[in-house]
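**Student:** Mind having a look at this structure? Questions to follow.
The values are calculated or read from the model by the stated rules, or taken from the named source; none is laboratory data. Since this is a predicted model, take the numbers as computed values, not measurements. Neighbour counts run over all protein chains shown; Cβ positions are idealised from the backbone, glycine included. Ligands, DNA and RNA are excluded from the accessible area calculation, which covers all protein heavy atoms including side chains. Shrake-Rupley method; radii C 1.70, N 1.55, O 1.52, S 1.80 Å.
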Amino acid sequence: MYLSTRMISIGTETAFEVAARARALEAAGRSIIHLQVGEPDFDTPANVREAAKRALDAGKTHYPPFPGIPELRAAIAADTTARKGFAVAPDRVFVTVGGKGVMYYAILALVDPGDEVIVPDPGYPIYESVTRFVGGTPVPIPIRQEHEFRLDPDELAALVTDRTKMIVINSPANPTGGVLTRGDLERIAAIAIERDVVVLADEIYSRILYDGAEHVSIAALPGMADRTIVLDGFSKTYAMTGWRLGYAIVPEWLATGFGKLIINSITGATTFAQYGAVEALTGPQDAVDAMVAEFRARRDLIVDGLNAIPGVRCLRPYGAFYVFPDIAATGLTGAELAERLLLEVGVSVLAGTAFGGLGTQHIRLSYANSRENISAALERMRTVIAPLVAANA
Ligand SMILES: Cc1ncc(COP(=O)(O)O)c(C=O)c1O
């Protein structure tokens, strides 16, 4: 049997493969510290779990309306209007299975074979994978540590061609934690408007911000709501990765098509889970604040710890729960170092190249793990990295 030709171009998310490998080593008796995972280690807040249980007991076990239950669409519209600063009506809201669903539908709905999609490099690998899958051409925009892991709008402007259909932005970003400023977003918006390009704004980490960094949604800038698809969700903010719930805010002209893609794929996101999400958005937010405060303390622990290892250069990011240090001084690539860290000292991290070609001399660490484990991982990493750097000096 043969797979379809389009399967040649589909990519993957290395994090899941690395996690499986690390777990296999663990099952064989090795002590492994997991810094590869992109999910909060906290449990979903109790009030959210209770709401979903109540929904189950109340018989909310039938098909949902395909765009989402009305209570959740209304709650998302109100939350978006309040937090992202642009007026959203519930009929522009589509609940999806994970935020990931949004990127899939957005690219399927808009990108024809031969169209170009500008994607961050390093960036979340699925933007590129799905673009290729539909026959489009991903065009990487470099995201550099020297520029605080923010894209350079001049570079972006130079990459836009007559074939550019979409620009993907992600702020705060995976894998770097970089946060775009209002000024950056204004420049990106001006380019999108001038060149008539749609923006997919992945804002899944928008509530995980530090040191007073501001979340600006590009959709709130003048003229942008009608050319922006906002991706957000519950996985990261409310520690709900396993619930598989995300959402899109789409312009009016995309709503019918987006709904058809949902009908053609998932029918709708799990009904009783959506009731939990209503509680997440409308209930007390103190669990979110507590998680962000803890992430901030861990960020400082991991950034200071990495910078204390000779040869490691790590930026202190303003958002998300990742760091993306430069490890060039080891003389190894990020992939080679990740392999040695896993096999020699049981620290599981990702190669920077899991996120694009520009990540060659980086590794990505997630600090969604306890301070105790982060400290232990730093000690273990030092025993591998310090001798490499000394030998390479
Ligand atoms: C940048 C980014 N967007 C989207 C997602 C997908 O989120 P979800 O688990 O809700 O599908 C992730 C998950 O790691 C992510 O890092």
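**Student:** Between 231, 261, 254, which is in a strand (DSSP E or B) and in contact with a helix residue (DSSP H, G or I) (Cβ under 7 Å, 6 or more places away or on another chain)? Reasoning before the result, please.
**Tutor:** Values: 261 fails: in a strand (DSSP E or B); 254 fails: in a strand (DSSP E or B).
On inspection, the qualifying residue turns out to be 231.
**Student:** Just to be sure, is residue 38 within 16 Å of the ligand (Cβ to nearest atom) and touching a strand residue (DSSP E or B) at 6+ places or on another chain (Cβ under 9 Å)?
**Tutor:** Values: within 16 Å of the ligand (Cβ to nearest atom): yes; touching a strand residue (DSSP E or B) at 6+ places or on another chain (Cβ under 9 Å): yes.
When the stated conditions are applied, residue 38 passes them.
**Student:** Name every residue in segment 66-101 that is among the charged types (D, E, K, R), more than 13 Å from residue 275 (Cβ to Cβ) and open to solvent by 60 Å² or more (accessible area, probe 1.4 Å), in order of residue number.
**Tutor:** 83, 91, 92, 100
**Student:** Sticking with this structure for a sec: Based on what the data block shows, is residue 209 under 16 Å from residue 151 (Cβ atoms) and modelled with pLDDT of 95 or more? Steps first, answer last, please.
**Tutor:** On the way: under 16 Å from residue 151 (Cβ atoms): no; modelled with pLDDT of 95 or more: yes.
It is false that residue 209 is under 16 Å from residue 151 (Cβ atoms) and modelled with pLDDT of 95 or more.
**Student:** Sticking with this one: Give the residues of segment 142-199 that are part of a loop (DSSP other than H, G, I, E, B), open to solvent by 10 Å² or more (accessible area, probe 1.4 Å), among the β-branched types (Val, Ile, Thr) and within 15 Å of the ligand (Cβ to nearest atom), sorted by residue number.
**Tutor:** 179
**Student:** Now a separate question. Quick check on segment 308-328: of everything there that is in contact with a Pro (Cβ under 8 Å, 6 or more places away or on another chain) and not in a loop (DSSP other than H, G, I, E, B), which residue is most open to solvent (accessible area, probe 1.4 Å)?
**Tutor:** Selected residue: 313.
**Student:** Here's a check for you: in segment 41-53, which residue that is touching a helix residue (DSSP H, G or I) at 6+ places or on another chain (Cβ under 6 Å) and part of a loop (DSSP other than H, G, I, E, B) is surrounded by the most Cβ atoms within 10 Å (Cβ to Cβ)?
**Tutor:** We begin by selecting, within segment 41-53, every residue touching a helix residue (DSSP H, G or I) at 6+ places or on another chain (Cβ under 6 Å); these are 42, 45, 47-48, 51-52.
From what is left, the residues that are part of a loop (DSSP other than H, G, I, E, B) are 42, 45.
Numbers: 42: 15, 45: 23.
Ranking the qualifying residues of segment 41-53, first place goes to 45.
**Student:** Got a sec? Which of 63, 104 is open to solvent by 20 Å² or more (accessible area, probe 1.4 Å), hydroxyl-bearing (Ser, Thr, Tyr) and within 16 Å of the ligand (Cβ to nearest atom)?
**Tutor:** On the way: 63 fails: within 16 Å of the ligand (Cβ to nearest atom).
Criteria check complete, one pass: 104.
**Student:** Which ones in segment 11-34 are open to solvent by less than 40 Å² (accessible area, probe 1.4 Å), out of contact with any helix residue (DSSP H, G or I) (no Cβ under 6 Å at 6 or more places or on another chain) and either within 14 Å of the ligand (Cβ to nearest atom) or part of a loop (DSSP other than H, G, I, E, B) (or both)?
**Tutor:** Within segment 11-34, 15, 18, 19 qualify.
**Student:** Within the set of pairs 6+ apart or on separate chains, which have a first residue in segment 355-374 that is over 16 Å from residue 175 (Cα atoms) and buried (at least 16 other Cβ atoms within 10 Å of the Cβ), a second that is at pLDDT 95 or above and among the aromatic types (Phe, Trp, Tyr), and C-beta atoms under 7 Å apart?
**Tutor:** Matching pairs, first to second residue: 374/367.
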